[in-house]
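The values are calculated or read from the model by the stated rules, or taken from the named source; none is laboratory data. Given the structure is predicted, the values throughout are model-derived calculations rather than measurements. In this analysis, Cβ positions are derived from the backbone assuming ideal geometry, glycine residues included, and neighbour counts consider all displayed protein chains. Note: areas computed on protein heavy atoms with side chains; ligands, DNA, RNA excluded. Shrake-Rupley method; radii C 1.70, N 1.55, O 1.52, S 1.80 Å.
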Amino acid sequence: MALTLYKPNRGTYARGAAGAALLLLSLFASVRFFEMLALQKSFKVLDMSVKYGVVWAGGLFLVLATVIAVFTFGLETGWKRVDVRAHGFVDLLIDTENELQKVSWPNREELRRSTIVVLVCILVIGAFLYVVDFVVTSV
């Protein structure tokens, strides 16, 4: 059984970003798992002492990385239930990337003007609320 990609060359940026973010989260989870284990026993590899917790945390990372690869790249596993869920997630990532390509992103000047408008509105509303609060507490 060969692992093949579901809808290759579509949604590559969204797949890559989702995969990288999930891999980073799984790395943090593996490190936290290692810290929680606190296994003091160790074994020797090339005259270096390696704690068993490193093996468990590394195994957890490899399992999570495999699951992430299946779901972000839509690898065909041969298990129908897994494949259907992975295809749904990949379709979501592809659709998200397609919708983001339709967005009309503002240029630098539009962004600057919009930011100024938002900041002025925040200041005006903040001043209004301050005055109302002052009047209500005084009464």
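A straight Cα-to-Cα reach below 20 Å connects Lys80 with the lysines Lys7, residues fewer than 8 places away in its own chain not being considered. With protein chains left intact and a 1.4 Å probe, residues in the stretch 1-120 average 76 Å² of accessible area per residue.
Would you mind telling me the share, in percent, of accessible area of the chain contributed by carbon and sulfur at probe 1.4 angstrom?
Working: 7760 of 10950 Å².
Heavy-atom surface of the chain belonging to carbon and sulfur, 1.4 Å probe: 71 percent.
Counting only protein chains, not ligands or nucleic acids, how are Asp133, Asp91, Asp47, Asp83 ordered by accessible area (probe 1.4 Å), most first? Don't skip to the end; give the middle numbers.
Values: Asp133 90, Asp91 45, Asp47 145, Asp83 15 Å².
Ranked from most to least accessible, the order is Asp47, Asp133, Asp91, Asp83.
Anything in the chain that counts as a DSSP H helix reaching 24 Å or more along its axis (C-alpha) with Kyte-Doolittle mean of at least 0.0? List them, would you?
Working: long enough: 12-37 (37 Å, 1.20); 52-73 (31 Å, 2.09); 80-102 (33 Å, -0.54); 108-138 (45 Å, 1.40).
Going by DSSP H runs, the hits are 12-37, 52-73, 108-138.
Would you mind getting the Kirkwood hydrodynamic radius of the stretch 4-58 from its Cα pairs, rounded to one decimal in Å?
On the way: mean 1/r = 0.0729 Å⁻¹.
Taking the inverse mean of 1/r over all distinct Cα pairs, the stretch 4-58 comes out at 13.7 Å.
Please state the charge dipole magnitude for the chain, taken about the Cα centre, from unit charges on C-beta atoms (+1 on K and R, -1 on D and E), reported in debye and rounded to the nearest 20.
For the chain, the charge dipole is close to 380 debye.
Shape summary: the chain maps onto an equivalent ellipsoid whose semi-axes, from the alpha-carbon gyration tensor, are 46, 29, 14 Å in decreasing order. For the stretch 28-86 versus the stretch 1-21, the inter-centroid distance based on Cα atoms is 20 Å. Between Leu123, Leu62, Leu27, the Gaussian network model of the chain with springs among Cα atoms under 10 angstrom shows the greatest mean-square fluctuation at Leu123.
Taking the chain as a Gaussian network of alpha-carbon nodes connected by springs under 10 Å, the highest mean-square fluctuation of the residues Gly16, Gly126, Gly78 belongs to Gly126.
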